[in-house]
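Colleague: Following this message is one structure expressed as structure tokens.
The values are calculated or read from the model by the stated rules, or taken from the named source; none is laboratory data. Source: prediction; values computed, not measured. Neighbour counts run over all protein chains shown; Cβ positions are idealised from the backbone, glycine included.
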């Protein structure tokens, strides 16, 4: 399976199969890029919780966590997790993320479009196809560049009837879509943003696209990659939904092995550290075999050292919280909150209320985390509160907000400066 969305609601599946996770997981034993055998995991995450679990009420029967393993391929240095959880667990009818409702995602799309313009210049296309397009926010801004635009994503099933003569919504997974039926004979552009990291078999994913599009097609992908994660010690960004952690070298090796060549690479440092890559099919049809990096063991040692630093930082923050006499509140009801609590080693006994300015979250909780999400209506009361920033990817805007609210103490778990 290429993408992990649009399947059954996960709550009922989890309740029914709570004690039989193996039926819903696939342990990978080979590298997703070069096919080499995976060694023992570099990092293990016992009972790592699921993310994106907003709910109207806490569910005691909801699975508390699933073991996860992070590997570095010693042949090509690609990073990946090996416990690939079935999409039934990770996504479903409760998958509510929409690009157009996220300012961070809209900013990311703007960076992507600017990169794309540097690649295509003033060129226009007969067809633009966006794979994993979410709510077609990107395509809406690309209409002037093509005669026909197609968005492919399971969440569009409910929006297919809203297709227009120019923008067509296809509510399917990639593997269920025949691209040959929609692609033009020439001048095609294929886009895919923040999809490849969710794919268990990225090679098969790309092969299907290549096999169903003409030779001169231009492909432009964006996905988070491992280098910025490592630089910033963001080991909380290793989680079940992101199966692949490419490097520029491992991705180039992957497409090179499939008969493609890089046209241009770029980076969006602020979107989890995203790699932007434009590539095309190569006339050479040959590639240089990758060799094991001479310093791969030193590279892994560096990862382990930085991971120990991350754990030490989380432990120091936990110690600080436990030393405070007054009650602690969280700020930022992030999708990743269960993982934040996991790494900090805390639970609702320490923080049972999370403040968030998003009105749509007011009154909600998490299925696997018994905390209350509230709107900070009483600004005057913040002078007596200690606040832990719980949305790691929004530390800076939250700090600006807290400057207005003036809480007694502010705990910032990660360094964003």
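Colleague: Applying the selection to segment 59-79, what residues are over 14 Å from residue 226 (Cα atoms) and in contact (Cβ under 8 Å) with a residue 60 or more places away in the chain?
Modeller: 59, 62, 63, 64, 65, 66, 68, 74, 75 - these are the residues of segment 59-79 that are over 14 Å from residue 226 (Cα atoms) and in contact (Cβ under 8 Å) with a residue 60 or more places away in the chain.
Colleague: When only residues in segment 141-157 that are out of contact with any strand residue (DSSP E or B) (no Cβ under 7 Å at 6 or more places or on another chain) and modelled with pLDDT of 85 or more count, which is farthest from residue 117 (Cα to Cα)?
Modeller: Start the filter on segment 141-157 by keeping residues that are out of contact with any strand residue (DSSP E or B) (no Cβ under 7 Å at 6 or more places or on another chain), which leaves 141, 144, 153-155, 157.
Those left that are additionally modelled with pLDDT of 85 or more: 141, 144, 153.
Working: 141: 12, 144: 12, 153: 24 Å.
Per the stated criteria, the residue is 153.
Colleague: If you scan segment 210-229, which residues turn out to be touching a residue at least 12 places away in the same chain (Cβ under 8 Å), assigned to a helix (DSSP H, G or I) and more than 13 Å from residue 70 (Cα to Cα)?
Modeller: Correct list: 210, 227, 228, 229.
Colleague: Is it fair to say residue 298 is out of contact with any strand residue (DSSP E or B) (no Cβ under 9 Å at 6 or more places or on another chain) and either under 26 Å from residue 216 (Cβ atoms) or modelled with pLDDT of 95 or more (or both)?
Modeller: No, not satisfied.
Colleague: Any residue at all in segment 325-334 that is surrounded by fewer than 19 Cβ atoms within 10 Å (Cβ to Cβ), within 28 Å of residue 62 (Cα to Cα) and either out of contact with any strand residue (DSSP E or B) (no Cβ under 6 Å at 6 or more places or on another chain) or at pLDDT below 95 (or both)?
Modeller: There is at least one residue in segment 325-334 that is surrounded by fewer than 19 Cβ atoms within 10 Å (Cβ to Cβ), within 28 Å of residue 62 (Cα to Cα) and either out of contact with any strand residue (DSSP E or B) (no Cβ under 6 Å at 6 or more places or on another chain) or at pLDDT below 95 (or both).
Colleague: What residue, among those in segment 78-97 that are modelled with pLDDT of 90 or more and touching a helix residue (DSSP H, G or I) at 6+ places or on another chain (Cβ under 8 Å), is surrounded by the fewest Cβ atoms within 10 Å (Cβ to Cβ)?
Modeller: This residue is 79.
Colleague: Working carefully through the options 127, 118, 61, find the one that is in a strand (DSSP E or B) and at pLDDT 90 or above. Even if it seems obvious, please write down each step before you answer.
Modeller: Details: 118 fails: in a strand (DSSP E or B); 61 fails: in a strand (DSSP E or B).
One residue alone meets the criteria, 127.
Colleague: Is there a residue in segment 158-180 that is in the same structural domain as residue 26 (by TED's automatic domain parsing), closer than 24 Å to residue 270 by Cβ, crowded, with 20+ Cβ neighbours inside 10 Å and at pLDDT 95 or above? Working first, answer last.
Modeller: Let us first name the residues in segment 158-180 that are in the same structural domain as residue 26 (by TED's automatic domain parsing), namely 158-180.
From what is left, the residues that are closer than 24 Å to residue 270 by Cβ are none.
No, segment 158-180 contains no residue that is in the same structural domain as residue 26 (by TED's automatic domain parsing), closer than 24 Å to residue 270 by Cβ, crowded, with 20+ Cβ neighbours inside 10 Å and at pLDDT 95 or above.
Colleague: Given the criteria surrounded by fewer than 21 Cβ atoms within 10 Å (Cβ to Cβ), assigned by TED's automatic domain parsing to the domain that holds residue 124 and over 17 Å from the mean Cα position of the chain (by Cα), does residue 228 qualify?
Modeller: So residue 228 fails the test.
Colleague: Select from segment 231-250 the residues that are part of a helix (DSSP H, G or I), modelled with pLDDT under 95 and either in contact with a helix residue (DSSP H, G or I) (Cβ under 6 Å, 6 or more places away or on another chain) or closer than 15 Å to residue 32 by Cβ (or both) and list them in ascending order. Working first, answer last.
Modeller: Narrowing segment 231-250 to residues part of a helix (DSSP H, G or I): 231, 235-237, 248-250.
Retained after the next criterion (residues that are modelled with pLDDT under 95): 231, 248-250.
Hits for segment 231-250 are 249, 250.
Colleague: Another question, if that's okay. From the list 301, 377, 308, exactly one residue is assigned to a loop (DSSP other than H, G, I, E, B) and either surrounded by 14 or more Cβ atoms within 10 Å (Cβ to Cβ) or outside the structural domain of residue 49 (by TED's automatic domain parsing) (or both). Which is it?
Modeller: On the way: 301 fails: assigned to a loop (DSSP other than H, G, I, E, B); 308 fails: assigned to a loop (DSSP other than H, G, I, E, B).
Just one listed residue meets the conditions, 377.
Colleague: Output the residues belonging to segment 363-374 that are in a loop (DSSP other than H, G, I, E, B), surrounded by 15 or more Cβ atoms within 10 Å (Cβ to Cβ) and out of contact with any helix residue (DSSP H, G or I) (no Cβ under 7 Å at 6 or more places or on another chain). First the steps, then the outcome.
Modeller: The first filter runs over segment 363-374 and keeps only residues in a loop (DSSP other than H, G, I, E, B), leaving 363-364, 367-368, 370-371.
If we keep only those that are surrounded by 15 or more Cβ atoms within 10 Å (Cβ to Cβ) as well, we get 364, 367-368, 370-371.
Of everything in segment 363-374, those that are in a loop (DSSP other than H, G, I, E, B), surrounded by 15 or more Cβ atoms within 10 Å (Cβ to Cβ) and out of contact with any helix residue (DSSP H, G or I) (no Cβ under 7 Å at 6 or more places or on another chain) turn out to be 364, 370, 371.
Colleague: Considering only segment 346-359, I want to know if a residue exists there that is surrounded by fewer than 17 Cβ atoms within 10 Å (Cβ to Cβ), out of contact with any strand residue (DSSP E or B) (no Cβ under 9 Å at 6 or more places or on another chain), at pLDDT below 95 and more than 21 Å from residue 327 (Cβ to Cβ).
Modeller: yes
Colleague: Return the total of residues in segment 196-210 being buried (at least 19 other Cβ atoms within 10 Å of the Cβ) and in contact with a helix residue (DSSP H, G or I) (Cβ under 8 Å, 6 or more places away or on another chain).
Modeller: 6
Colleague: Against the condition modelled with pLDDT of 95 or more and in contact with a helix residue (DSSP H, G or I) (Cβ under 8 Å, 6 or more places away or on another chain), how does residue 306 come out, does it pass?
Modeller: It is true that residue 306 is modelled with pLDDT of 95 or more and in contact with a helix residue (DSSP H, G or I) (Cβ under 8 Å, 6 or more places away or on another chain).
Let's see how each residue does on (1) over 23 Å from residue 242 (Cβ atoms); (2) outside any loop (DSSP other than H, G, I, E, B); (3) touching a helix residue (DSSP H, G or I) at 6+ places or on another chain (Cβ under 9 Å); (4) free of Cβ contacts under 8 Å to residues at least 40 places away in the same chain:
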| site | (1), (2), (3), (4) |
| --- | --- |
| 321 | yes, yes, yes, no |
| 325 | yes, no, no, yes |
| 339 | no, yes, yes, no |
| 343 | no, yes, yes, no |
| 348 | yes, no, yes, yes |
| 357 | yes, no, yes, no |
| 360 | yes, yes, yes, yes |
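Colleague: Here's something else I'd like to know. Please go through segment 261-276 and pick out each residue that is surrounded by 19 or more Cβ atoms within 10 Å (Cβ to Cβ) and part of a strand (DSSP E or B).
Modeller: Of everything in segment 261-276, those that are surrounded by 19 or more Cβ atoms within 10 Å (Cβ to Cβ) and part of a strand (DSSP E or B) turn out to be 268, 274, 275, 276.
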